[in-house]
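Participant: The structure under discussion is supplied below as structure tokens; questions concerning it will follow.
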Amino acid sequence: MKISWKIWMLIVFLVLSIILIAPSFQKGVVIKSVEKDSTAYNQGLRTGMFVTAINGVTVNNFQDFTKEMNLIFPNATTDTTSAVTSNPTKNITQQNLSKSNSSALQNKTSSASSANNIKLIITTTDSEFVLFDNLPPAITVSDIPSSRIKTGLDLSGGARALVKAENKSLSANEVSDLVAITSNRLNEFGIADVTVKPVSDLSGNNFMQIEVAGATPSDLNDLISQQGKFEAKIGNDTVFVGGKQDITYVARTGDQSGIYSCSAYQGGEVCNFRFAISLSSEAAQRHSVITNKLGINATNPQYLDKQLDLYLDDKLVESLYIGKDLKGSTTTQIEISGSGTGKDQQEAYNDATTNMKKLQTVLITGSLPYKLEIVKIDSISPVLGKEFTTNILYLAIIVFIGVSLVIFIRYRKIKITLGVILTMLSEAIITLAVASLIHWNLDAPSIAGIIAGIGTGVDDQIVIIDEALSKGSDTRSLKEKIKSAFFIIFTAFFLTVAAMIPLFWAGAGLLKGFALTTIIGVSIGVLVTRPAFSDLVKLIVKD
Amino acid sequence: MEANQETSHEHHHSKSDWYDKWYKPLLVIPVIIMIISLAYIGFFYYQNHTIMLRDSSLTGGTTVTITGGDIDTVALGSQLKSQFPDIVIRKLTDIRTGKPVSVMVESSASPDQLKPALEKALGYSLTGQNSSIEFTGSSLSQSFYSQLMIALVISFILMSFVVFISFRTFVPSMAIIFAAFGDIVIPLAIIDYFGIRISAAGIAAFLMLIGYSVDTDVLLTTRALKRKGGTLNSRIYGAFKTGTLMTITALVAVLPSFFIVTALPDSFRQIFFILALGLFADIFNTWLTNASIIKWYCTRRRIE
């Protein structure tokens, strides 16, 4: 049996595809991000490393990792080790809060040794890192993906939003500016695995699309839709606004930033945060000019008679007293404070932390140039997504078995049936490889497209088999028969492509995946698998 | 199989005579089905002012999918009906285990209104873990719908182009295009009859149908017009054998998604449901409509 070049080509494609998909059997967790200047960072831990053990205990998956971290740091919040695949339980207890009061204000990078520092040995695939700290390492981890195939939002869980400016249509340039600012903002806030990109639709509308993989952060909605216009005013005069122009530095770690007190308030709890910022010299100058005009507060003589009002999106969030010594001074150091509330202390603490992070984020990134409107938001629970993925896998197996059975019942030939099965499988594998090559996230419609593409593939194979096997009054040579089969196959191919093409643009490309995988599938079919299959059939028929 | 065909030559002949006599009257069946379908869609449009019911992704509104937990959907519905008169609640059950998989709540309200009301009715809060929320603004959904409809028309036109370029003869090409039209109209009438609410993915499935269902028509036309040898009837019969096997395998690929597992994404199930309807319709449209037209055409052109 001589194997033709077309069959060799299929084999080469198949091998390349498997390499591309790169199935991985690596145990452990992968580091998704490392906070800059943290102990973990300084010791050399970096994004992309595989953690296999902690203090000698093997870590196989994310659950193992959190369990181990909770054992080693029973009192710490697991905030810094949150991951995209599941929600770590936040356990802030009473005693822990009092601890946070001191530890959160302590500079993580300072080597000022504390008596309760814990030795932590993190083993990665290549080396070992030893950390001395009283806090869990400032890294985020997640399960190691088992292959390079990425699933879309509806299968992995996460959130997707389409955003446009309120009462204004954006040009392509304006959208790309918006995308830049928004990505920056989401990064500063610390949301991992986020993609922000401009999209447009058939009628020329431009949108910004934001996708966050994994568990959905509840504050995503706020972060996107809030313009984040921050203004600090005294009376009607603006002292400074958010963004690099006025604010040169925002403290986010160390003793200049954190939650400093919690107390009971109106049947609930309230926690207060504060952090330091540095003003640019122009903003400091403004501060001096404006405070110079102020008098002394009559009831509280140590303060000036007007307060510094902080507005976020035109809403007053906090009013700060200004010490009388600051009158007319060109101070560049200012402490910003605020609070968070909740039913109990834990809730208030979390709320304050979120508020602080939000405020810090808008101070760093500045406000967005437009007021935004979310026109579409989908958030999919990762639990549901997982169930979907499993069921789709079952379904794919059932479809394979069903189609193979039908083919076998019709032709009663093991060789032909095997040929069809192998062709179907290789088509699916090559399509998946192409999808991962172009970094396409496979959502449910995309997978439907792959299955439909394989369906047309089988149809084409039936045409080839029936042409090749046709006897009786058919006097054509085998080559002619195959040629006539390929006329049908090519016409069907162009028909599918023609029918799916409009989906690339309609509806802001949200159904592009369906069209894309179908077109990839049928293209691989006519270019690679069908020619190989026809040669295979020739071999079988000649036997 | 092939040997079988040779021995039953006599039998084949009588079948052939039968087809020669009846192929024209057979054409009436699909034409009647088509007229009924079109009339029903027209009636549906007159009643509902739309040719298909649409879900929140195409009309604007919110869909909340709640996972797990045994929820009394009837009680939930009556509780929320006063506040959200257009609320639709569906329950998805796993056929294998009979266990409830999820509950879908749909309304034209925004998530800010629907979510708190749902949480109150359920007695627990909805998080990213136990629920999914999809919201589409009403102006966006309107433009999505009209764009997908335009895409459907463009797709149909492109398909017609490819057919004309491939066959370059008027009547056979029109026969294929007519069959493809039927493959869209008949499923649409069925969907309207059952009151199924179509999502964006569902309309995408109609586009796919345009490309997918005409494969058998292309096969038939190629075999009837381009292949030499054998009688016209035997060529049509050969195409019929190949084509039905194609349709059967295609149905085997799309049907399990609603018989075996139900916990699948809604978009996924809808795509497959519409493809299945289209493939069924295509059996009539290809082997009654298209085959009769081709036979008629070949007889008049004396293509034997």
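Participant: Could you tell me which of A:Val537, A:Leu186, A:Ala159 has its Cα farthest along the dipole of chain A towards the positive end, charges placed at Cβ (Lys, Arg +1; Asp, Glu -1), taken about the Cα centre?
Facilitator: After comparing all options, I get A:Val537.
Participant: For A:Asn167, what charge total do you get from the other residues with a beta carbon under 13 Å from its beta carbon, if Lys and Arg give +1 and Asp and Glu give -1? Walk me through the intermediate numbers first.
Facilitator: Values: positive: A:Lys164, A:Lys168, A:Lys371; negative: A:Glu166, A:Glu373.
Net charge in that neighbourhood comes out at +1.
Participant: For peptide B:228-235, what's the mean number of Cβ atoms from other chains within 10 Å of each residue's Cβ?
Facilitator: On the way: counts 6, 6, 5, 1, 0, 0, 3, 3.
Other-chain Cβ atoms within 10 Å of each residue's Cβ, averaged: 3.
Participant: DSSP loop trypsin sites (Lys or Arg not before Pro) in segment A:218-311 with at most 15 other Cβ atoms within 10 Å of their Cβ, which ones? Walk me through the numbers before you get to the answer.
Facilitator: Values: sites: A:Lys229, A:Lys233, A:Lys244, A:Arg252, A:Arg274, A:Arg286, A:Lys293, A:Lys306; in loops: A:Lys229, A:Lys244, A:Arg252, A:Lys293, A:Lys306.
The qualifying sites are A:Lys244, A:Lys293.
Participant: Between beta-carbons, use under 11 Å as the cut-off and find the net charge around B:Arg90, counting Lys and Arg +1, Asp and Glu -1.
Facilitator: Values: positive: B:Lys91, B:Arg197; negative: B:Asp55, B:Glu106, B:Asp266.
Residues near B:Arg90 contribute -1 overall.
Participant: If you take every residue apart from B:Trp22 with its C-beta less than 15 Å away from the C-beta of B:Trp22, what net charge results, scoring Lys and Arg +1 and Asp and Glu -1?
Facilitator: Working: positive: B:Lys15, B:Lys21, B:Lys24, B:Lys295; negative: B:Asp17, B:Asp20.
That sum, taken over residues with Cβ under 15 Å, equals +2.
Participant: Sort A:20-26, A:155-161 by the packing proxy (mean of other Cβ within 10 Å over each peptide's residues), most packed first.
Facilitator: Values: A:20-26: 13.1, A:155-161: 25.6.
Result, highest mean first: A:155-161, A:20-26.
Participant: Now a separate question. Taking neighbour counts of Cβ atoms within 10 Å as a proxy for exposure, in what order, fewest first, do A:Met69, B:Met246 appear? Each step should come with its number before you reach the end.
Facilitator: Working: A:Met69 21, B:Met246 26.
If I rank by nearby Cβ atoms, fewest first, I get A:Met69, B:Met246.
Participant: Next question, about the same structure. Angle, helix B:232-254 long axis vs. longest principal axis of chain B, Cα atoms, 0 to 90°, nearest 10?
Facilitator: 20
Participant: From the helices alone, meaning DSSP H stretches of at least four residues, give me the mean residue ellipticity at 222 nm for chain A, per-run term -39500 (n - 2.57), in deg cm²/dmol to the nearest 500.
Facilitator: -14000 deg cm²/dmol
Participant: Which listed residue (B:Ala117, B:Val88, B:Thr62) has the Cα farthest towards the positive end of the charge dipole for segment B:61-136, taking +1 on Lys and Arg C-beta and -1 on Asp and Glu C-beta about the Cα centre?
Facilitator: Result: B:Val88, furthest along the dipole toward the positive end.
Participant: While we're on this one: What is the dipole size for segment B:77-184, taken about its Cα centre, with +1 at each Lys and Arg Cβ and -1 at each Asp and Glu Cβ, in debye to the nearest 20? If you can, show how the numbers build up before the last one.
Facilitator: Values: 8 positive and 7 negative charges, 51 e Å.
For segment B:77-184, the charge dipole is close to 240 debye.
Participant: With the Cα gyration tensor of segment A:487-532 in hand, convert its eigenvalues to equivalent ellipsoid semi-axes via √(5λ) and list them largest first in whole Å. Walk me through the numbers before you get to the answer.
Facilitator: On the way: eigenvalues 104, 25, 4 Å².
Ellipsoid half-lengths, sorted descending, are 23, 11, 4 Å.
Participant: Can you tell me the order of B:20-33, A:328-341, B:279-292 when each peptide is scored by its average per-residue count of other Cβ atoms within 10 angstrom, highest first?
Facilitator: Working: B:20-33: 14.1, A:328-341: 16.7, B:279-292: 24.2.
Most protected by this proxy first, the peptides run B:279-292, A:328-341, B:20-33.
Participant: So what is the orientation-averaged projected area of segment B:251-304, using the convex hull of its C-alpha atoms, in nm²?
Facilitator: Values: hull surface 18.5 nm².
Projected area, direction-averaged: 4.6 nm².
Participant: Here's a follow-up. When you have a sec, figure out the Kirkwood radius of the protein assembly as shown from all distinct Cα pair distances and drop it here in Å to one decimal? Mind dumping the intermediate values first?
Facilitator: Numbers: mean 1/r = 0.0325 Å⁻¹.
This gives a value of 30.8 Å.
Participant: Among B:Leu148, A:Ser142, B:Phe178, which residue has its Cα furthest toward the positive end of the charge dipole of the protein assembly as shown, with +1 on Lys/Arg Cβ and -1 on Asp/Glu Cβ?
Facilitator: The listed residue farthest towards the positive side: B:Phe178.
Participant: Largest first and in whole Å, give the semi-axes of segment A:453-543's equivalent ellipsoid, each being the square root of 5 times a Cα gyration tensor eigenvalue. Display every interim value, and only then the final one.
Facilitator: On the way: eigenvalues 203, 28, 14 Å².
In descending order, the three semi-axes are 32, 12, 8 Å.
Participant: Give me a single rounded figure for A:511-521: the average over its residues of other chain Cβ atoms within 10 Å of their Cβ. Let's see the in-between values first.
Facilitator: Working: counts 12, 1, 2, 8, 5, 0, 0, 5, 1, 0, 0.
For this peptide, the per-residue mean of nearby foreign Cβ atoms is 3.
Participant: How would you rank A:Val51, A:Val130, B:Val105, going from fewest to most other Cβ atoms within 10 Å of each one's own Cβ? Numbers along the way, then the final one.
Facilitator: Working: A:Val51 23, A:Val130 9, B:Val105 27.
Fewest to most other Cβ atoms nearby, the residues stand as A:Val130, A:Val51, B:Val105.
Participant: Taking the Cα centre of segment A:230-367 as origin, sum charge times position over the Cβ atoms of Lys and Arg (+1) and Asp and Glu (-1), and report the length of that vector in debye to the nearest 20. Before the final figure, lay out the partial values.
Facilitator: Details: 13 positive and 16 negative charges, 54 e Å.
Approximately 260 debye in magnitude.
Participant: Classify segment A:230-367 as rounded, prolate or oblate from the Cα gyration tensor: take a ≥ b ≥ c as the square roots of its eigenvalues, call it rounded if a/c is under 1.5, otherwise prolate when a/b beats b/c and oblate if not.
Facilitator: On the way: a/c = 2.04, a/b = 1.38, b/c = 1.47.
The shape class here is oblate.
Participant: Let's see if you can work this out: charge +1 on each Lys and Arg Cβ, -1 on each Asp and Glu Cβ, no other charges. What is the dipole magnitude of the protein assembly as shown about its Cα centre, in debye to the nearest 20?
Facilitator: On the way: 72 positive and 69 negative charges, 574 e Å.
Using Cβ point charges on Lys, Arg, Asp and Glu, the protein assembly as shown gives about 2760 debye.
Participant: Compute for segment B:61-136: radius of gyration divided by Kirkwood radius, i.e. Rg/Rh, restricted to C-alpha atoms, rounded to two decimals. Show your work: numbers first, answer last.
Facilitator: Details: Rg = 11.8 Å, Rh = 12.5 Å.
Reported Rg/Rh, Kirkwood definition of Rh: 0.94.
Participant: If you take the C-alpha gyration tensor of segment A:162-296, multiply each eigenvalue by 5 and take the square root, what semi-axes do you get, largest first, in whole Å? Walk me through the numbers before you get to the answer.
Facilitator: On the way: eigenvalues 223, 106, 44 Å².
Result for segment A:162-296: semi-axes of 33, 23, 15 Å.
Participant: Over the whole of B:148-155, what's the average partner chain Cβ count within 10 Å per residue? Rounded to a whole number, please. Don't jump to the answer; show the numbers that get you there.
Facilitator: Working: counts 6, 1, 5, 12, 4, 1, 8, 8.
Going residue by residue through B:148-155 and averaging, the value is 6.
Participant: How large is the convex hull of the Cα atoms of chain B per residue, expressed in Å³ as a whole number?
Facilitator: On the way: hull volume 47.6 nm³, N = 304.
Cα-based convex hull of chain B, divided per residue, equals 157 Å³.
Read the figures in this text as sums done on the coordinates, not as results from a lab. These numbers were taken from a predicted model, which means no experiment stands behind them. Note: ideal-geometry Cβ built from the backbone for every residue, glycine included; neighbour counts use all protein chains shown.
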